[in-house]
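Report on one structure; see the data block that follows.
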Amino acid sequence: MTIGGEDVPAKDVFDVVDPATGEVHAQAPDCSPEQLDAAFAAAEAAYGSWRRDEDARRAALHAAGDLLLAGAGDLAPILVGEQGKPLKEATFEIIGAGVWLKHFADLPMPRQVIRDDDAAFVEVVRRPMGVVAAITPWNFPLILACWKIAPALLAGNTMVLKPSPFTPLTTLRVGELFRDVLPAGVLNVVSGRDPLGAHMTVHPVPRKITFTGSVATGKRVAASAADDLKRVTLELGGNDPAIVLPDADPAAIAAKLFGAAFQNNGQVCSAIKRVYVPESLHDELVEALADQAARTKVGPGLEEGVTHGPLNNRPQFERVAGLVADALSGGARAVTGGKPVDGPGYFFEPTLLTGVEDGSRIVDEEQFGPALPIVKYTSLDEAVARANGTHFGLSGSVWGTDTERAAAVADELECGTAWVNTHLALHPAQPFGGFKWSGIGVENGTWGLEGFTEVQVRHRAKG
């Protein structure tokens with residue numbers, strides 16, 4: 001672990017499983033309560049000087065981004081071994097994390113003059129909060145960590161970061177690398193089993209918790225934070241709908257739809273989780289999507305030509321298998337896939353399901369895996385109502401040749417991001433967050449930066 005800029009081993013360790021084999025391939029340190037106290041103490045001690053030098057913060061973030069860009073080739077195999085994604089996608093994630101850091105290194109700090117007259121000069125500025133506790137998930141361990149590191153550190157905060165126990169290794173390694181460019185205590189990286197996250201949320205030092213993960217855990221984080229009035233940003237997943245309009249061209253959109261549903265093996269919070277298609281286009285779209293599925297190659301992430309790796313962990317593998325089995329037992333048809341891949345590891349065939357309706361678990365719940373339900377509709381108003389009829393509200397998309405009409409339908413979606421003729425189009429300048437149970441607050445852009453600050457009014461009297 002990295003605590004106070006030092007290499008810190010732990011007395012206890014826990015196993016890290018390679019999802020391509022289902023076997024233990026590494027061990028990670030299990031942070032003790034005393035070591036967590038030390039990490040927060042180090043962050044608190046570093047805060048005083050770190051928050052005062054904006055130029056140094058920007059230079060450090062640029063240097064950290066450069067380390068990731070230069071080290072992607074070394075880091076990517078570590079990420080493949082613990083997460084399972086293909087090497088090309090792992091490399092892309094690490095490069096993306098570097099890009100995120102460098103983008104925020106150049107982002108202006110918000111300030112606004114609201115009064116300047118004979119009596120007073122009044123401006124609104126953003127001040128850092130202090131120490132931030134950051135908890136990240138297993139689907140994109142590094143880039144989602146940098147979604148938090150970049151704005152938090154730019155704003156002048158310091159951080160204690162905990163990756164998922166399923167994928168701690170790459171983040172721990174990056175913590176080591178960043179010791180060369182960040183002052184001691186600015187970024188502390190600890191790892192441990194699930195109880196460590198709960199200990200972080202109730203710890204008296206952090207003033208902000210930023211969490212990406214499940215709705216159930218997010219609710220517990222919010223409840224823990226409330227007792228101390230800690231600020232929170234919660235990104236809690238989604239059940240993103242794609243609505244295909246009657247004027248859409250199935251052959252033209254199939255590749256984009258399939259890619260947005262099955263990227264990272266469907267383990268993307270904002271991936272397409274259900275497709276609503278008019279009856280008139282249903283069969284043509286299903287055939288076009290099945291053709292995309294036939295082009296995939298499922299296998300270990302380091303194997304040449306693999307497009308889709310395993311699911312990351314056994315609980316998620318069992319959940320996806322259970323949801324697909326439930327749909328099939330209820331009368332759904334697996335056009336492609338429908339079952340695990342024979343052999344070791346947590347591999348599941350890319351699965352397209354038809355004959356499903358709202359009310360089926362595979363439609364109503366977030367599957368977070370390589371299984372996509374395709375649902376017929378007859379009325380567009382009905383499709384929009386069904387798309388919105390969920391506790392989730394992260395993102396959604398509308399697909400059609402009349403882009404103005406598609407945009408008008410997208411306006412009706414109850415979600416944080418509404419795409420037209422695309423999906424999963426993300427950018428560090430673009431805010432990302434959700435409505436309803438999909439979260440509180442946003443990440444990225446100026447809006448995400450402001451989420452790591454408190455508003456301060458500076459009022460100077462004149463005369």
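The values are calculated or read from the model by the stated rules, or taken from the named source; none is laboratory data. These figures come from a predicted structure and were not determined experimentally. With ideal geometry, Cβ positions are generated from the backbone for all residues, glycine too; neighbour counts draw on all protein chains shown. Remember, those area values only see protein heavy atoms, side chains included, never the ligands or the DNA or RNA. Shrake-Rupley method; radii C 1.70, N 1.55, O 1.52, S 1.80 Å.
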Could you sort 249, 12 by their accessible area in this structure, using a 1.4 Å probe and putting the largest first?
12, 249
Along each of the three principal axes of the Cα atoms of segment 44-88, give the extent in whole Å, ordering the values from largest to smallest.
41, 22, 12
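Helix-only mean residue ellipticity at 222 nm, the chain, DSSP H runs n ≥ 4 weighted -39,500 (n - 2.57), per residue, nearest 500. What is it? The partial results should precede the final answer.
Working: 14 runs with 185 residues, N = 463.
About -12500 deg cm²/dmol.
Using a cut-off of 15 Å between beta-carbons, work out the net charge of the residues near residue 89 (Lys and Arg +1, Asp and Glu -1, residue 89 not included). Numbers along the way, then the final one.
Values: positive: 85, 88, 297; negative: 82, 93, 303, 304.
Once positives and negatives cancel, what remains is -1.
Using alpha-carbon pairs under 8 Å, 6+ residues apart, how would you state the relative contact order of segment 300-454 in percent? Can you show the working numbers first?
On the way: 239 pairs, mean separation 21.7, N = 155.
Value for segment 300-454: 14 percent.
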Where a label projected 7 Å from the Cα of residue 461 along Cα→Cβ would reach, residues of segment 119-153 with amide N under 13 Å:
119-121
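Please report Rg over Rh for the chain, where both radii come from the alpha carbon positions and Rh follows the Kirkwood definition. All intermediate terms of the calculation are to be shown ahead of the outcome.
Details: Rg = 22.9 Å, Rh = 23.0 Å.
Across the chain, the Cα-based Rg/Rh ratio is 0.99.
Taking all protein chains as present, what is the carbon and sulfur share of the accessible area of segment 174-245, in % to the nearest whole number, probe 1.4 Å?
Summing carbon and sulfur atoms, their accessible area is 57 percent of the total for segment 174-245.
Can you give the FRET efficiency for residue 117 and residue 69, using 1/(1 + (r/R0)^6), R0 = 45 Å, r = Cβ-Cβ distance, to the nearest 0.05?
Numbers: r = 48 Å, r/R0 = 1.06.
Once the sixth-power term is evaluated, E becomes 0.40.
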When all protein chains stay in place, what accessible area (Å², nearest 10, 1.4 Å probe) is found for residue 202?
90
List every residue whose amide H lies under 5 Å from the amide H of residue 420, counting only residues 5 or more places away in sequence or on a different chain, with H placed 1.01 Å from N in the peptide plane.
398
What accessible area, in Å² to the nearest ten, does a 1.4 Å probe give for residue 47?
50
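How many times 2.2 N^0.38 Å is the alpha carbon radius of gyration of segment 148-222? List each step's numbers first, then the result.
Details: Rg = 12.6 Å, N = 75, 2.2 N^0.38 = 11.3 Å.
Cα-based Rg divided by the globular estimate yields 1.11.
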Count neighbours as other Cβ atoms within 10 Å of each site's Cβ, and list the trypsin sites (Lys or Arg not before Pro) in segment 1-110 that are DSSP loop with at most 11 such neighbours.
11, 52
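Just to confirm the filter: which trypsin sites (Lys or Arg not before Pro) across segment 219-318 are DSSP coil and have at most 13 other Cβ within 10 angstrom of their Cβ? Each step should come with its number before you reach the end.
Values: sites: 219, 220, 230, 231, 256, 273, 274, 295, 297; in loops: 230, 295, 297.
Answer in residue order: 295, 297.
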Counting only protein chains, not ligands or nucleic acids, how are 2, 21 ordered by accessible area (probe 1.4 Å), most first?
21, 2
How large, in percent, is the carbon and sulfur part of the accessible surface of segment 254-309 at a probe radius of 1.4 Å?
48
So residue 249 and residue 52, fully extended at 0.36 nm per residue minus their Cα-Cα distance, gain in nm 65.4 nm
If you put +1 on each Lys and Arg Cβ and -1 on each Asp and Glu Cβ, how big is the dipole of segment 180-248 around its Cα centre, in Debye rounded to 20?
360
Rounded to the nearest 10 Å², the 1.4 Å probe accessible area of residue 136 is 10
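For segment 150-300, what is the accessible area per residue in Å² when the probe is 1.4 Å?
32
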Amide H contacts under 5 Å for residue 185, placed H, 5+ residues apart:
4, 5
Using the Cα centre as the reference, give the magnitude of the dipole from point charges on the C-beta atoms of the chain (Lys, Arg: +1; Asp, Glu: -1; all else neutral), rounded to the nearest 20 debye.
1160
Any of 162/256; 148/219; 85/208; 88/256; 11/85 with alpha carbons more than 28 Å apart? Name them for me.
162/256; 85/208; 11/85
From Cα pairs below 8 angstrom and at least 6 apart in sequence, can you work out the relative contact order of segment 347-408, rounded to a whole percent?
27
Would you please put 112-119, 415-422 in order of how densely packed they are, using the mean number of other Cβ atoms within 10 angstrom per residue and starting with the highest?
415-422, 112-119
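Based on the Cβ-Cβ distance from residue 59 to residue 124, what FRET efficiency comes out when R0 is 35 Å, to the nearest 0.05? Write down the numbers at each step before the final one.
Working: r = 26 Å, r/R0 = 0.75.
In this case the efficiency is close to 0.85.
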Expressed as a whole-number percentage, the relative contact order of the chain with C-alpha contacts under 8 angstrom and at least six residues apart is 19
Figure the gain on full extension for residue 297 and residue 365 (residue separation times 0.36 nm, minus the Cα-Cα span) and round it to one decimal in nm.
21.8 nm
I need the helices of the chain that pass two filters: whole DSSP H segments spanning 15 Å or more by Cα along the axis, and mean Kyte-Doolittle score no lower than 0.5.
87-105, 141-154, 250-262
Protein chains only, probe 1.4 Å: how do 414, 123, 450 rank by accessible area, largest first?
414, 450, 123
